[in-house]
Every structure is written in structure tokens, then in C-alpha cells.
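Since the structure comes first, as C-alpha cells, the remarks are kept for the end.
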There are 4 protein chains.
Amino acid sequence: MVIVLRPQLSDERINRVLTAIQEGGHTGYQAGPSTIVVPKNDTSLEASLAKLAEVEQVVPIKSPYPLASREFHPENTLINVRGHLIGGGKPTIMAGPCSVESVENIVEIAQAVKAAGGHLIRGGAFKPRSSPYSFQGHGEEGLKMLAIAREKTGLGIISEVMEPDKVGLVAEYVDILQIGARNMQNYPLLREVGKARKPVMLKRGLSGTIEEWLMAAEYILAQGNPDVILCERGIRTYEKATRNTLDLNAVPVVQSLSHLPIVVDPSHGIGKSEFVRPMARAGIAAGATGVIVEIHPNPAQAWSDAAQTLDFDEFRALVDDVNRISAALAPSRPLVHA
Amino acid sequence: MVIVLRPQLSDERINRVLTAIQEGGHTGYQAGPSTIVVPKNDTSLEASLAKLAEVEQVVPIKSPYPLASREFHPENTLINVRGHLIGGGKPTIMAGPCSVESVENIVEIAQAVKAAGGHLIRGGAFKPRSSPYSFQGHGEEGLKMLAIAREKTGLGIISEVMEPDKVGLVAEYVDILQIGARNMQNYPLLREVGKARKPVMLKRGLSGTIEEWLMAAEYILAQGNPDVILCERGIRTYEKATRNTLDLNAVPVVQSLSHLPIVVDPSHGIGKSEFVRPMARAGIAAGATGVIVEIHPNPAQAWSDAAQTLDFDEFRALVDDVNRISAALAPSRPLVHA
Amino acid sequence: MVIVLRPQLSDERINRVLTAIQEGGHTGYQAGPSTIVVPKNDTSLEASLAKLAEVEQVVPIKSPYPLASREFHPENTLINVRGHLIGGGKPTIMAGPCSVESVENIVEIAQAVKAAGGHLIRGGAFKPRSSPYSFQGHGEEGLKMLAIAREKTGLGIISEVMEPDKVGLVAEYVDILQIGARNMQNYPLLREVGKARKPVMLKRGLSGTIEEWLMAAEYILAQGNPDVILCERGIRTYEKATRNTLDLNAVPVVQSLSHLPIVVDPSHGIGKSEFVRPMARAGIAAGATGVIVEIHPNPAQAWSDAAQTLDFDEFRALVDDVNRISAALAPSRPLVHA
Amino acid sequence: MVIVLRPQLSDERINRVLTAIQEGGHTGYQAGPSTIVVPKNDTSLEASLAKLAEVEQVVPIKSPYPLASREFHPENTLINVRGHLIGGGKPTIMAGPCSVESVENIVEIAQAVKAAGGHLIRGGAFKPRSSPYSFQGHGEEGLKMLAIAREKTGLGIISEVMEPDKVGLVAEYVDILQIGARNMQNYPLLREVGKARKPVMLKRGLSGTIEEWLMAAEYILAQGNPDVILCERGIRTYEKATRNTLDLNAVPVVQSLSHLPIVVDPSHGIGKSEFVRPMARAGIAAGATGVIVEIHPNPAQAWSDAAQTLDFDEFRALVDDVNRISAALAPSRPLVHA
């Protein structure tokens, strides 16, 4: 169950509730200033907690991820990033290079994102690479370059953080902290971004089940950070013709289970630039809140992920299609959860 | 390479070409009245064959599935079924029950398909079931019921055939022969439908790679039947939240490799009725030629696949969405292959 | 439940039982002369059937594959092939070429199998090939060559059958009918080999679950053929370093669920000859009843599957290892099911 | 290529080599006191480096993981842990509870490991759990309990570390640092254990390819830590009858590619206690260097992983079988790499 406390309680009064939970034979986990999670339901405890002056509401919950579930939070979560509302109905477009390369390059790309109607600039500063001998990203220098691109365009920026110790540093620069697929179950890292005061985009692991993914989101939410965006970026299957298998089934399934916004990453999801546009279309048609794609003024010369990177022209066509589909489906009968 | 013969050649003259191929150290496979496949390329044989009076054209081909590849046949294959053109631009809608249950039931469904703007009636008469003790379909009686539904509505019918011996029987009734996912690599069956004079819809196997799937199509084409429709219906992955994982990546990838039309089956692809509509939308947005879905006047009472079956109302909403997306994307920049 | 009839009943008396089942609201499936399967349990029907003079025993069963389950048949099934007892404690060794090539070749191989202490000769006469333009096997001529090899050595032979119509023909020649991985759920074929009076080796499909595999075995058993051997030959996973992933987990799991013998095929299971011996060792150590491997006097020149084929010397080392492990484990505490 | 330096060089002389590499247009990565990796081969640079006084040997290498590959290091790596030689021919047995529970409990288990002939005690102090609301391990207290168990038995201890910051702490207590499956590609963590002066056991990720796994090992080796043990613990596949699919194919494949010792974890690999012993047998028969298993005096009451945990009696039977197989295979012809 989830216990919603009255606003602005003193620590002492919160402890009174935690003590009552403990006396009831359960453990309470405080998730933010006015929320306590008790992992098991217990109708008698529920009744006694409901009587406490500190408690506004007690919500019994069956899901193993109470805070991420619609049981606790039926309406969609909306996240405001520099004036753009993720989950607000208009498709969110995030785009940028795989790796941040130089100030000139990232500013040029950011201007192209803005011109096409995009909302956020993506770009890797700390890069998880299969080989220890590959370029590992510009690090903080890359974040500074992103910040310059933000200044020039007013668009928000999103970049990956790979270790707990760097969360503070990365959060100083970015508007959204990205957790990469390899780190979906890096729990110390999830806890740390849960303590940050910035939204987090949590990519699905290569072999993460939908349940494990929502449990990973719960780690973040349980630290009091309510602003989690899920990103489907392709799962690992036996098929060799594509880099990964973009699992669009996950879009409506996640939306039925959770209130968190979900975006799709067709660049990683299929891995070949000529197929990115149709898969972005498909993601939006499946109901996704937005797309994140890799773009570069000259994809063949991109420092990483060249094969799946769009040029500006292809990107504009993608944005047009995404908006066309979104507009076409606006009058459609609402999906069960959308 | 593929050798295209002049029209209307006598057997004797065709044999002359086959002999020339053999003398050149290769084997020729006749695929229909005017096509011979030589699995390997050989520029000197190519040159000598091109000089023969019987030969119209010699097309060198790198693909392991020459007839299914765009190298041999760059433009899309169109298939006319009772006046509806599959691959002709307008999305093809096939719908019906998992199993044909009764005349009344199938006629009621067929009328709903027609009323909603659908084009073909699907329904299982010979059913592949995991258990030998489950209902195995009405067999020929089921085909007769489908034929009555066709008479009443004018819509074409599609039904599965499971064994070589029954191809003749099923082909007498249906407009499209369906090969189920379990039989994607049932080569004697593929050969037999390759000899039939009816279009064939070939479902992708649960763990079929895109290459294996196109090779399976090649078995049909190699027997002289040019009318093959591919159907993506979900692959088997580790994810347990859905019945299968609808692999929409396959849509643009197949379209880049092959001229054959591809439809998607979101009913099997996700396996839960509430998620079928968004996945149908996604399939069309990815570029699919059409969709095939399971519908029933009362899904809860369907004899099989109840959980993934739409009622008529949900089906109409699905058709509307499919048409909305198709219309919205019409002015879009063409995909690489579409 | 399964109803065991008294021996040698007339059809009339069997029908009396079937009628009683029907009157009890259930369907009975006759599986051989003295066995009737009723897919659902029903304690009141059970009691009334137990009173019939025709009935020897009624066994209530929870499994979806009653005849294949240990609930019905707790002790291991043993299958006698020309004096060798499959499942009898001594590891069964089946070996031979992927494709039967010539009389000389198959006789040479058969003699090597015998000399090394093997029990059965494998060899493909009807070959399922991904491409319609690859060698499809010598067909009946290949079976005749196998029969000659049997004559020369006294060893039994096993070969694949791919379509219902050919079961009679193949069964005339072989000692064991093989169902290939692609046909694990080819139900008309399973039914037909279920009617044959020869043992059947059923390979697991590339993406067949253990439950589906045992259900496929049930199709054969339900036709009255009790002699089914299961063969684990590798499943399809994301790993690209090997041809397939030999799932040895399946060995103890199947043995806990079913009384049918299980052998492993490390040749297909890993796909590279240098790794076949350790995987054969592992299969036997996991508890498998035997192994089936591909061998050839000159693997590099084998007509198919060259990469995974052992030469005679490697094969002898494999047989030695298999026997060493089997002997070493003989005094070990029995596994739960072995 | 890998450049092996003469022993005991000053930093200045090492820098001379690094400068020569840079002037040759390449980047050199120092991996320990006498090893430099240059990710690409270059025959002219190779020749000029070989002439330097500082250089003992230059080894050209094709593998993407030079230090982990047999190209650089043909003979097996042996790792001495408190007198037991991992990779030394005698199977290594590591056993213990999923979570360290109490001093009494871990000492009792450690004594059972020793009595049965085991070599290392495993036990989780920092536990990666799917839910933020599950027991996360005793942390440092758990490490202290392990240290007491070591004192009482003289056996080495192995425990997991989950974040870079905790590597120093955990390394103070354990004999082997364990990297869990979820962290196989947690690069900051891999780098940190690469700097530790303790052996590291690197578990394969749930969907890690063999290549990615060896690249992950390379991250550790590249920091100068040569003592890496690989652990196959089951991969994620479509099969639902078992927790994971123990991929024993990986054993001989890894041994052909790398000199690092490989152990198998049948507890996680199959997930049900009754099947752990046959899979441990299979792992050793496939050629693994050792096994790691979960044991508990009363598995039903274990705080985690109860279903896959052996009692002491089952564990003794497992050790006996492992030793029987190892002894039986000793006179066998050596595998290609063993």
C-alpha cells in the first residue's frame, strides 16, 4: 500500500507514521516528503493508518511497483522541461549525435533540431563502450558543449550518466539524466538519480522484462524523484538482420500498467538509418509520447553509431511524419490508456 | 541469376535452355512457364545464355532468394483478390474468427467485416493446436461455411492449410491459402502451395529469421506461384508480458529486400485484445500493406483465442485508425521501399 | 485422466467405455488398443468408469500431456532397437553423415560406428534445406543405401521423414523415424508417425518450449505409438558464436516430467566440430540417455554440415569419453529421475 | 598489438614507448607495469617498437580483446586463492548461501563446504534485488561475518561488489571480488575492480554475448589486474520451465578464445535445486574449471533464492559427482583447449 501524508509534516510527525507501520509488523519506505510505501497490503493496518491525523490517504496496491503503477497514480505523469510538456499530447522529439564531438558540431545540430520543431538535444558525454580502447566520450567537456548548445537554442538537453559519483556533476548541466540500457539494473546508480532533482529517462535493458523495467523505475521513484521517462530502445532477440528488435508491444503494455511517459528510440531499436523513419512513425502510432533519434550533419563521419544516424533532411521528414500521425490520430477513439 | 524466357515457348525449346545451363556446369530450376533460376552467378554462362533466341533477359542476382528479391523484381508485387488489390496503396483489412464455428456465426462476422470496410474474411477450418485433445477445426465443413460467407458478402476468404495432401481441397474453397507460423519451413507443404493457382499468405515462424522467411517464400515462388503475401505475426522472445513480440522492424527490412507485400497480425503479435488496435496502427505506420485480425461478435465465447479477439465495435475503431494513418502518410516523403 | 482397459477387448466393449465417457459429459480419445485419454479429470466419472468390467485402472492426471507424463507412466520407457536398449542404462550412440552420399560412403561410416561401439547409423535421405536450390537428399535411394549399411553391420538405422505421405515408405526402411526440428509441430506428420509401428525420435523445435515439445510427443503417443525418443538439438537464442544453444537444462527437466528417453545432438547444438566432444560429455553427464552426432571420413568434403562433422578419430574419442562418464557416474546417488 | 615491456622500467622509459606509439599514429593503453595495448595492428610500428630497448616483445593480435585472448596469452591463467589453484586441474568448488544471514549460519555453512571438500565460501553482503523494498543485504556487517567464516575454516571467500565506491571496502574483506550478471557492462565498476589487487569473478550478463563478455573482462585486464575468472550463470531465453538457460556451449567456446578460467553456476543457471546436481556434472564434463552453487542448512528458510538452494546432503552428492567426472576424464584425450 502507499500512504499519502498531509503536506509539510515535520520529521517527528512522519516518524510517528513510520512507527505505527512498524508496530503493525511492516516496514515503511519513505519516498519523498509526503509518500510512504509499505510493500505488502494489510487491511487492518490500512484502517488504523487511515485514522492518523498525519495521513491523507491510504491506497492498497497489488503491483510489485506501487509508485510506478496506475493503481496509485491513475492519471498520466506530465514532465515539464523548459516549457515543453512531455506526456502533454504533443509528441516529444529528442535528437542529437551519439557522441558530443565539438562545440561547433553540437550547436549546428541543436539548431537543426530546433528548426525542425524538436524539443530536446541528446548527446553522449560519458559513453559506455564495449571496448576499453574506444573513445569514451569528452566527459565534463562534452557537457559544457551541450550547455552551450542549450544557450544558443533554448532547447533542453539530455545526456547519460554512468556511475553514482557522477550524478551530481551531470545533473548540474543537463535537463534530463539518461540511464542507459546497460545500467537498467544498476541499483546504486538508480538510487542516486532518484535523489537528484532532475527528470530521469530510463532506457530498457537489452533483456529487461517490462516488469523488471518498471521495478527499476520504482527504485528511482522510491527515492522521491517522481519524474521518470521510460525509453524503449530495442531488445535482444535471435534476429540478426537488425541491430536490436524494437519492442513496440511494450508501448501499450507499459501505458496500461504505469502512468510514466514512454518514448521510443528507433535509432538503436533497428540500427540502420534507412529504417529509422518508419519505426519512429510506428512508435508514435503505437501511442508513444515521443521519439529520441540520432542525427548528425554528416552521418558517415559521426564518431559513433554512424550506421543508424540520420542527416538533417531525413530528420525533418521524420518529424513531419510523427506530427502527421499524431494529428491524424487526435480525433480517434482513445486507447485504453493513452 | 534468373533467366527470363520469351513467352509461350514449347517444352522442347525450354529444354534447350536447361541443357545450355547444364553444359555450362550449373543447374537450372524452372519456376513457372518463363522463368529459370540458376542459384549461382557465372558471367560467362550469363553472356552465352543471353544470346539464345529463347532468352529474353538474364538477371544476375546476389540474393540467396532470387525470385523473392528486389534484385530480380524491383517493383512491388500486387495481388488482386476479388477486386481488392493487395499492395495497391489502400490498406488491406482481413478479419474473422480464430476458428470457423457455424454458418450463422461466420456470416454475421463477414457482414461486420464488410460493413467496417474490410476486404477479406479469415477463419480457421483446419486448426493447428498444441494439444491433440483440443478442437482441431471443422475441416471441409468449415471451408463450406466460409464459402457461404463469401457468397453473402462478396468478400474473399483466407484459411489455413496444414498438409500437402489437403492443398487441393482447401484451394477449391479459398481465395488465399494460409501457411501458419508452425509450417514456415514445412517444405513439402510450401512446394505444394507453390503448385496451386491461388495466392499464398506465408506467416513468419516463431523463430524464423527474415532471411529464412524469404527463403521459405522462395520455395513457393520456385514452383511458379508468384502471389505470395508475407505476414509478420510476432516472434518468440524472453518477454512474458505479451504472447509474442510483434517484430515491426521486419516490415521496412522486408520491404527493402523483397517486392512481396507484407501484412501484420497484431492479434497474435501481442495476444491481448486491448492492445491490438495500437499495434495495428503501428504496423500500418511502419509501412505494412495491411493487417489481419481476429474478431468475434462475443469474444469471451469464441472457441479459441478469446483473449486476443476484438468485438465488432473495437474492430471498427481499428479500421478507422488504420485508414486515418494511411491517409495522413499519403503526402509524406516515400520511404526507401514502400 | 487415462483409462487403462483390460487386454484384448472387442471393439464393441471399447465402445461401451467410450459411450460411458460421453454420457459423463466428456470426450475420450483412444490411444492404442487398451488406453483411452480423457483430457479433463472428473472424480465422479472416474468412480463410475472404475466400476466397468472393461476397465483395469483409471489414472487421474494433471499434466496437459497425460501419456507422455510420469503421472501416468512413472517408470522410464525402454525402446529395443535390434537388441540395443535405448534408456537401458548404457549410453546410446547414434552417428552418421548429415546426408547419405553413396553406398560406399555410408557403409564405411557404418563400419566406423560399429567399430567405435556405436548402436545406430543416422543419415539424411529426405533433407529439409533452407534453399529450394540446395541438394534435397537422395530420397528412397538414400534409404536403400542405409539399408545396405545395416545389412553389413547389423546396426539399426534412423532417418528423417518430412511429410505424412512418405511415412509408410520411410518406415519400411528405417528402425527409427526421425522428426526434424522444423517439424516438431507439424501435426499431420506427428499423427502419421503415431500410426506407424516404428519408434520415433522427435527433435525439439528451434523455439519449442519443453511443454510444447512434450505436447508434440503426446500427438504421437495418442495415436497408439508408445516408442518416442526426445532429442535436444539446440535452441535459438541471441548468441551468435555458436550455431544454436544446446539446452542441457532440458535433460533433467524433461526426465522429471516424462518417462520418455532423451538424447542430445551436440553436432547441431553447438555447430562446430571442435566443440562437439565436450558437449556430448556434458549431455551424458546431465543424464541424457544417449547422443546423436554427425561423422564423416572426410568432414571437409561432406555434402552438408561440414563444419560440425567429426572425423572417425574424433568420434572414437567422443565415444570413449561418453563411456567414461557413464561408468564414473554409475555408483553415484541416483538423480531424482534418471 | 600488445607490447610487453622489460621488467621494472621507470615511468620515464615507459613514456618513451608511449610517445613512440603516438608518433606512429596510434594510441597506447598501459595495462599494468609491463604491458601496453595498441588496439590496432600496424606492421611498421610493430617493427620500430621491437627495436626499442624498453620492449621485450611485440605481439600482433586480431582479437578485439587482446589481453583476454589466447593470441597474447596461449597458456591457461592459474589463480592461487589461499593455496587452492583455480584452473589447476582439480575442480574448484565454491558454495554458500545466496545472502549472508548471520555469523552462526555462515560459519555452519563454511564448515559444511570445507567438510565436503569445497574451496571457497560464497555469500551475498551487498545484494542486487529487483525490488527496492526487498532485503538488500547486510552490507559491511555481512562481509565481517564472511571473514569470521574464513577464519574458522581457512577457506577463501567471494562476495559481490555493486558500485565503484565500494570496491575498496569489499576488497579489504574478500579473496575474490564478484561482479554480478546485471553489472557485466558496468564499465566504471569494471575499471575499479581492475585497479584492485584481488582476483575478480565476472558473471556473464543475462543477454551478454560471449564476445561482449570477453570485452568486459578486457576492461578489468586493461587496468592491470590479470586475475579474472569468468562465470557462466545462465542466459535469458524464451524457455519458461527454468529460471535461465545454462549455456554450456560457452564453456568450450570461451576456452578456445581465452586463457581465463571459467566456472559455471548451475544454481542460477537452472533455478531449481533438484536439477542443480546434473547441471554441475554437465558443466564439469563440458570442461569448466569449477562450479559455484548455493547451499543452506535449511533451504526452505533461506532469505533468498530458496528454490535453487541445495542442502548439505545434496551438496556432498554434487561434490562427489564433480570429482568422479573429473577423475574419469583425466586420462581422456585433451580437448582443443582445456
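Quick look at the numbers
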{"quantity": "For the range A:269-338 versus the range D:23-99, the gap between their alpha-carbon centres in whole angstrom", "calculated": "43"}
{"quantity": "Within the range D:79-329, percent of DSSP bridges classed antiparallel, to nearest 5", "calculated": "15"}
{"quantity": "For D:Leu335, A:Leu78, order by how many other beta-carbon atoms lie within 10 Å, fewest first", "calculated": "A:Leu78, D:Leu335"}
{"quantity": "Semi-axis lengths, Å, chain C, gyration tensor of Cα atoms, sqrt of 5 times eigenvalues", "calculated": "37, 22, 18"}
{"quantity": "Principal-axis tilt of helix B:210-221 within chain B, Cα atoms, nearest 10 degrees", "calculated": "70"}
{"quantity": "At 7 Å out from Cα toward Cβ: C:Ile148 inter-copy label distances (nm, ascending)", "calculated": "5.9, 7.7, 8.0"}
{"quantity": "The range A:199-298 shape via C-alpha gyration tensor axes, a/c threshold 1.5", "calculated": "prolate"}
{"quantity": "Listed pairs C:Lys114/C:Lys144; C:Lys127/C:Lys198; A:Lys90/A:Lys127; C:Lys272/D:Lys62; D:Lys90/D:Lys114; B:Lys166/B:Lys203 exceeding 24 Å between Cα atoms", "calculated": "A:Lys90/A:Lys127"}
{"quantity": "Electrostatic dipole magnitude of the range D:2-59 [Cβ: Lys, Arg +1; Asp, Glu -1; Cα centre; debye, to 20]", "calculated": "40"}
{"quantity": "Residue with peak Gaussian network fluctuation, chain C [Cα springs, cutoff 10 Å], from C:Tyr65, C:Tyr219, C:Tyr187", "calculated": "C:Tyr187"}
{"quantity": "Formal net charge of residues neighbouring D:Ala307 (Cβ-Cβ distance under 9 Å; K, R +1; D, E -1)", "calculated": "+1"}
{"quantity": "Selection from A:Ala216, A:Leu85, A:Asn186 lying farthest towards where the dipole of chain A points positive, charges on Cβ", "calculated": "A:Leu85"}
{"quantity": "Cα-based helix-to-principal-axis angle, C:140-153 vs chain C, degrees rounded to 10", "calculated": "80"}
{"quantity": "Rotation relating D and A, chain A residue nearest the axis via C-beta, angstrom", "calculated": "A:Ser207, 2"}
{"quantity": "Considering only the range A:24-158, percent of DSSP beta bridges that pair antiparallel, nearest 5", "calculated": "45"}
{"quantity": "Radius 12 Å from Cβ of B:Val59, net charge of other residues (Lys, Arg +1; Asp, Glu -1)", "calculated": "-1"}
{"quantity": "Size of charge dipole - chain B - debye, nearest 20, with Cβ of Lys, Arg +1 and Asp, Glu -1, no other charges", "calculated": "360"}
{"quantity": "Student exercise, the range C:203-286 dipole from Lys, Arg, Asp, Glu Cβ charges, in Debye to nearest 20", "calculated": "400"}
{"quantity": "Kirkwood-Stokes translational diffusion coefficient of the range B:255-333, alpha-carbon pairs, 20 °C, 1.002 mPa s, µm²/s", "calculated": "163"}
{"quantity": "DSSP beta bridge pairing in the protein assembly as shown, given as percent antiparallel to the nearest 5", "calculated": "35"}
{"quantity": "Shape call, the range C:1-90: gyration tensor on alpha carbons, a/c limit 1.5", "calculated": "prolate"}
{"quantity": "Ascending list, in nanometres, of distances separating the B:Ser134 label from those of the other copies (7 Å, Cα toward Cβ)", "calculated": "3.1, 3.2, 4.3"}
{"quantity": "Order of A:Asp42, B:Asp247, C:Asp227 under a 10 Å beta carbon neighbour criterion, fewest first", "calculated": "A:Asp42, C:Asp227, B:Asp247"}
{"quantity": "Cα gyration tensor shape for the protein assembly as shown, rounded if a/c is under 1.5, else prolate or oblate", "calculated": "rounded"}
{"quantity": "14 Å beta-carbon shell around B:Ser159, net charge (K/R +1, D/E -1)", "calculated": "-1"}
{"quantity": "On Cα atoms only, tilt of C:103-116 relative to the major axis of chain C in degrees", "calculated": "80"}
{"quantity": "Chain A, relative contact order in percent, only Cα pairs under 8 angstrom and at least six apart counted", "calculated": "16"}
{"quantity": "Using a 7 Å Cα-to-Cβ projection, D:Val59 label spacings across copies, nm, ascending", "calculated": "5.2, 5.8, 5.9"}
{"quantity": "Centre separation in Å (Cα based) which lies between the range D:145-214 and the range C:192-220", "calculated": "44"}
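Bear in mind these aren't lab numbers, they're just calculated from the coordinates by the rules spelled out. All values reported here derive from a predicted model rather than from experimental measurement. Quick reminder, even Gly has a Cβ in these numbers, built from the backbone with ideal geometry, and neighbours come from all protein chains shown.
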